[in-house]
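Each remark here refers to the structure printed beneath this line.
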Amino acid sequence: QVQLVESGGGLVQAGGSLRLSCAASGRTFSSYSMGWFRQASGKEREFVAAISWSGGRTYYADSVKGRFSIARDNAKNLVYLQMNSLKPEDTAVYYCAAGFGASVSLSEYRYWGQGTQVTVSS
């Protein structure tokens with residue numbers, strides 16, 4: 001069992017930056033691949049970024065490539081999403097998730113956090 005708690009969301013102007021954090025409980029955190037997803041109001045949840053259990057492989061949605069960066073610290077049971085050059089269309093609730101494959105598919109992730117709101121004003 002893994003429990004995930006996101007933090008770091010907030011209101012930022014377009015062009016600004018935020019860093020989201022996801023704290024995981026449980027001793028098996030380093031066994032899991034981690035992903036970030038987001039869901040804008042009235043839209044489906046979508047893939048943002050993923051990182052393998054070791055941190056050696058990362059994946060990004062085309063819409064955030066070059067602006068967002070995912071990282072993890074297995075010693076601290078943390079995963080991060082650094083978001084730069086934010087755009088109004090990045091506004092959404094951001095969720096972290098844990099699974100056994102660094103996948104773009106929601107169905108591959110077993111555990112989910114409660115989400116943190118990111119709002120980017122124009």
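A few points about this structure:
- Ligands, DNA and RNA are left out, and with a 1.4 angstrom probe the accessible area of the chain is 51 Å² per residue.
- The label point for residue 62 and the one for residue 85, both projected 7 Å from the Cα toward the Cβ, are 1.6 nm apart.
- Extension gain for residue 46 to residue 75 (0.36 nm times residue separation, less C-alpha to C-alpha distance): 7.6 nm.
- Gained length - residue 11 relative to residue 31, 0.36 nm times residue gap less alpha-carbon distance: 3.9 nm
- Across the accessible surface of the chain, with the other protein chains kept in place and a 1.4 Å probe, carbon and sulfur atoms take up 46 percent.
- Taking a Cβ cut-off of under 12 Å around residue 34, the surrounding Lys, Arg, Asp and Glu residues balance to a net charge of 0, with basic ones at +1 and acidic ones at -1.
- Residue (of 94, 42, 80) at the positive-pole extreme of the chain, dipole from beta-carbon charges: 80
- Counting only residues at least eight positions apart within a chain, or on another chain, the lysines with an alpha carbon under 20 Å from that of residue 65 are 87.
- Evaluated on the range 23-84, the Kirkwood hydrodynamic radius is 12.3 Å, with distances taken between all distinct Cα atoms.
- Under 11 Å, Cβ to Cβ, from residue 82 - net charge with Lys/Arg +1 and Asp/Glu -1: +2
- Listed values for the range 46-54 are Karplus-derived 3J(HN,Hα) couplings in whole Hz (6.51 cos²θ - 1.76 cosθ + 1.60, θ = phi - 60°), namely 10, 5, 10, 7, 8, 9, 6, 4, 8, and x replaces Gly and Pro.
- Over every Cα atom in the range 19-122, the radius of gyration and the widest Cα-Cα span, Dmax, amount to 12.8, 41 Å.
The values are calculated or read from the model by the stated rules, or taken from the named source; none is laboratory data. On a predicted model such as this, the values are computed, not experimentally measured, just so you know. Note that we place each Cβ from the backbone using ideal geometry, even for glycine, and neighbour counts take in every protein chain shown. With ligands, DNA and RNA removed, areas are computed over all heavy atoms of the protein, side chains included. Shrake-Rupley method; radii C 1.70, N 1.55, O 1.52, S 1.80 Å.
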